[in-house]
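For reference, the structure discussed in these notes is given below.
The values are calculated or read from the model by the stated rules, or taken from the named source; none is laboratory data. Every value quoted in this text rests on a predicted model; they were computed, and no experiment measured them. Positions of Cβ are backbone-derived with ideal geometry, glycine not excepted, and every protein chain shown enters the neighbour counts.
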Amino acid sequence: MTDPLPLDGITVISLEQAVAAPFATRQLADLGARVVKVERPGGGDFARRYDTTVHGQASYFVWLNRSKESLTLDVRSPAGRDVLEELLAGADVFVQNLAPGAADRLELGPAALQARHPRLIPCTISGYGTTGPWAHRKAYDLLVQCQTGLLSLTGSPSEPARAGISVADIAAGMYAYSGILSALYTRATTGRAPAVEVALFEALAEWMGQPAYYTRYGGTQPPRVGARHATIAPYGPFTAADGKDVLLSVQNEREWDALCTTVLGRPELADDPRFATGSARVVHRAEVDAAVAARFAELGGEDAMALLDEAGIANAGVNSVADFLEHPSLAGRDRWRDIEVPGAPGPVQALLPPADLSGVSPRMGPVPVAGQHTEHILTALGRDAADIERLRAQGVIDIPSTGQDH
């Protein structure tokens, strides 16, 4: 018999779609919470159709939705609302990232919910918050990258670029996850169940803290410098003679001295007043980078990294995603696990959650088919076969023809 997971006994009902809310609830599921994912009849979460790269399933969906139960339910219908209300009566957490105003129209806003279910912790994930001048606006990840100014910091000097992953969604999902854990702790210690609200804009705004301070008090924002660091130099990739790109980072004067002496073979640069401090090196970034690039043009990539290691300078090859998948740290630390995915001929590999808890093995359960657990969930609520068939005939629920609860 295995030990219980930290969130065993916690039930989460989630009216979720896309990325931010599913990311938060998957992490709760990893720790043992029962997560019931409520999806639309007729297709479910639209993120299921973002792509078809994982044996016909969307890469986003496979990443975000393991270990959950899928219930299809038309929550706009009275019968669907009745089912949802029964589920909420026995739940600990309710998560939703519906369109602006939709939760209130369905009487699923925090105040209305807690009037009916005082111990329920509601979590609202929105674009710009539920109050304020932008509360009515939809928000997607790239729009929020634009609004926070992140897009003005990423890319080359001539062209901005979106971050290559959904950073606003991920940030909001992380804060929703930690907020829910904090609320569960508060309820356990005080009996009070605080509501949680996270806005994508405010989550990414927190991550913009350093450039915000730099801009407000420095008078100009950090420049857009591609893969280089905007406010530290040298810190970026350099191409070796064999074409390998190696990124190095000099964080202080000791490391700058070691770089000049051991790697560049030019110890006189260490005391050059143009380069003597971090701020001076940023001002003279072009000269600094030119000196490093000239030396790299004489070295193979492995030789350059060996010299950097000898000098105690942090460095790394610039990996592709394929390189990352084969990274020795992931294999050497046994980070991969097999999970089941609908339609896959065999198991699909997934990474363990990054927070290791001693004595705890996170749940790594299957990714569900849309509506896979509908019949089981309704039966557990006391609905008989005739009632379930009536709901199906009315379009309130979907029950998949294959792959039901397993």
- Looking only at segment 224-247, decide whether some residue is under 30 Å from K138 (Cβ atoms), crowded, with 16+ Cβ neighbours inside 10 Å and over 22 Å from the mean Cα position of the chain (by Cα). yes
Scanning segment 349-406 residue by residue, those touching a residue at least 40 places away in the same chain (Cβ under 8 Å), under 27 Å from L181 (Cβ atoms) and outside any loop (DSSP other than H, G, I, E, B) turn out to be A350, I377
Of the candidates F275, F296, the one satisfying the condition of being closer than 30 Å to V263 by Cα, touching a strand residue (DSSP E or B) at 6+ places or on another chain (Cβ under 6 Å) and surrounded by 17 or more Cβ atoms within 10 Å (Cβ to Cβ) is F296
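With a cut-off of at least 1 residues that are assigned by TED's automatic domain parsing to the domain that holds V95, in contact (Cβ under 8 Å) with a residue 40 or more places away in the chain and closer than 20 Å to P22 by Cβ, name the helices (runs of 4 or more DSSP H) lying wholly within segment 123-232. I'd like the intermediate steps shown before the answer.
Details: elements: 141-147, 167-190, 200-207, 209-218.
Helices (runs of 4 or more DSSP H) meeting the threshold: 141-147, 167-190, 200-207.
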Exactly one of R105, R119 is loosely packed, with under 14 Cβ neighbours inside 10 Å and at pLDDT 95 or above, and that one is R119
Here the qualifying pairs (Cβ atoms under 6 Å; residues six or more apart or on different chains; first in segment 40-54 and over 20 Å from A344 (Cβ atoms); second surrounded by 13 or more Cβ atoms within 10 Å (Cβ to Cβ) and among the charged types (D, E, K, R)) come out as P41/D74; P41/D398
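Those residues that are aliphatic (A, V, I, L, M) and touching a Ser or Thr at 6+ places or on another chain (Cβ under 9 Å), I need them from segment 63-97; list them, please. Write out each step before concluding.
Of the residues in segment 63-97, the ones aliphatic (A, V, I, L, M) are 64, 71, 73, 75, 79, 83-84, 87-89, 91, 93, 95.
The answer is L64, L71, L73, L87, A91, V93, V95.
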A careful count of residues in segment 79-111 that are part of a helix (DSSP H, G or I), hydrophobic (A, V, I, L, M, F, W, C) and farther than 24 Å from P366 by Cβ gives 6
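Taking segment 329-345, which residues are touching a strand residue (DSSP E or B) at 6+ places or on another chain (Cβ under 8 Å) and either of a type in the set (A, V, I, L, M, F, W, C) or over 19 Å from N65 (Cβ atoms) (or both)? Outline the logic, then answer.
Within segment 329-345, the first condition is being touching a strand residue (DSSP E or B) at 6+ places or on another chain (Cβ under 8 Å), and the residues that meet it are 330, 335-344.
Answer for segment 329-345, where residues must be touching a strand residue (DSSP E or B) at 6+ places or on another chain (Cβ under 8 Å) and either of a type in the set (A, V, I, L, M, F, W, C) or over 19 Å from N65 (Cβ atoms) (or both): L330, R335, W336, I339, V341, A344.
I'd like to check something: does segment 151-165 contain any residue that is under 27 Å from R40 (Cα atoms) and modelled with pLDDT under 95? Break it down stepwise before answering.
If we filter segment 151-165 for residues that are under 27 Å from R40 (Cα atoms), which is where we start, we get 165.
From what is left, the residues that are modelled with pLDDT under 95 are 165.
Yes: segment 151-165 contains one or more residues that are under 27 Å from R40 (Cα atoms) and modelled with pLDDT under 95.
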D323 vs (1) closer than 30 Å to L351 by Cα; (2) in contact with a Lys or Arg (Cβ under 9 Å, 6 or more places away or on another chain); (3) charged (D, E, K, R): all pass except (2)
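For the subset of segment 325-348 comprising residues that are touching a residue at least 24 places away in the same chain (Cβ under 8 Å) and hydrophobic (A, V, I, L, M, F, W, C), which member is nearest to M174 (Cα to Cα)? Please lay out each step first, then the result.
Looking only at segment 325-348, we keep the residues that are touching a residue at least 24 places away in the same chain (Cβ under 8 Å), and these are 337-345, 348.
If we keep only those that are hydrophobic (A, V, I, L, M, F, W, C) as well, we get 339, 341, 344, 348.
Numbers: I339: 22, V341: 24, A344: 29, V348: 24 Å.
It comes out as I339.
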The residue that is modelled with the lowest pLDDT, considering only those in segment 39-68 that are surrounded by 20 or more Cβ atoms within 10 Å (Cβ to Cβ) and over 20 Å from the mean Cα position of the chain (by Cα), is G44
Just wondering, is there one or more residues in segment 61-78 that are more than 25 Å from I388 (Cα to Cα), part of a helix (DSSP H, G or I) and touching a helix residue (DSSP H, G or I) at 6+ places or on another chain (Cβ under 7 Å)? yes
